[in-house]
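Shown next, in structure tokens, is the structure this report addresses.
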Amino acid sequence: MRTAITSLISGILFGAGLALGGMTDPARVRGFLDIFGDWDPTLAFVMGGAVIVMAIAWRIAPRMAGPLFTGEFHLPTKSDLTPRLIGGAALFGVGWGIAGLCPGPGIAALVIEPTSAAIFVVAMLAGMAVVRFTEGTSS
């Protein structure tokens with residue numbers, strides 16, 4: 001129960017941060033990606049804030065006896081670049097540039113603009129289902 005409450009609070013905080021930062025507005029995201037046009041630096045500040053928070057977290061985590069809300073840290077163990085990873089990152093970037101949304105802001109946008117965000121979320125879920133179906137559930 002404690003993990004569920006922590007996850008809920010974290011999700012609400014994440015969604016609120018995305019909404020306050022304007023990341024649920026596809027036009028703002030596309031404006032950031034339009035470096036030769038009417039460039040909007042807002043996303044750079046949002047990403048910069050996230051990088052600062054994570055840099056601090058990565059420095060603090062090794063000094064902690066353990067995490068506050070679970071039994072152990074769950075840190076990434078893989079560091080290899082595979083064609084699947086590179087292809088997925090490229091596909092993600094193309095989709096992000098076209099739609100102006102990625103999964104987190106897309107789900108948060110369901111609260112603000114349900115109709116247009118729902119189209120994105122349904123397409124995202126369909127893409128995830130296609131990958132699961134074609135590669136099996138081990139991915």
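Here, each number is a calculation from the coordinates, and none is a lab measurement. These numbers were taken from a predicted model, which means no experiment stands behind them. Glycine gets a Cβ as well: all are built from the backbone with ideal geometry, and neighbour counts include every protein chain shown.
Quick look at the numbers
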| quantity | calculated |
| --- | --- |
| Förster-model FRET efficiency, 30 Å R0, Phe14 and Glu135, C-beta, rounded to 0.05 | 0.60 |
| Förster-model FRET efficiency, 35 Å R0, His74 and Asp34, C-beta, rounded to 0.05 | 0.45 |
| Charge-dipole axis of the chain as Lys and Arg at +1 and Asp and Glu at -1 on Cβ define it, positive-most pick from Met23, Ala117, Met1 | Met1 |
| D (Stokes-Einstein, µm²/s), Kirkwood Cα radius, region 59-139, 0.890 mPa s at 25 °C | 156 µm²/s |
| Ratio Rg/Rh, restricted to region 2-135 and using Cα atoms, in which Rh is the Kirkwood radius | 0.99 |
| Sequence-distant residues sharing a close amide H with Asp25 (under 5 Å, placed H) | none |
| Cα-based shape type of region 1-67, given that a ≥ b ≥ c are square roots of the gyration tensor eigenvalues and the cut on a/c is 1.5 | oblate |
| Computed FRET value (nearest 0.05) for Val94 with Met128, which takes r as the C-beta separation and R₀ as 25 Å | 0.95 |
| Distance between modelled label sites at Thr6 and Ile112, nm, 7 Å Cα→Cβ extension | 2.9 nm |
| Sites matching trypsin sites (Lys or Arg not before Pro) across region 44-82 that sit in DSSP coil, with at most 12 neighbouring C-beta atoms within 10 Å | Lys78 |
| Cβ-placed point charges (K, R +1; D, E -1), dipole of the chain about Cα centre in debye, nearest 20 | 440 debye |
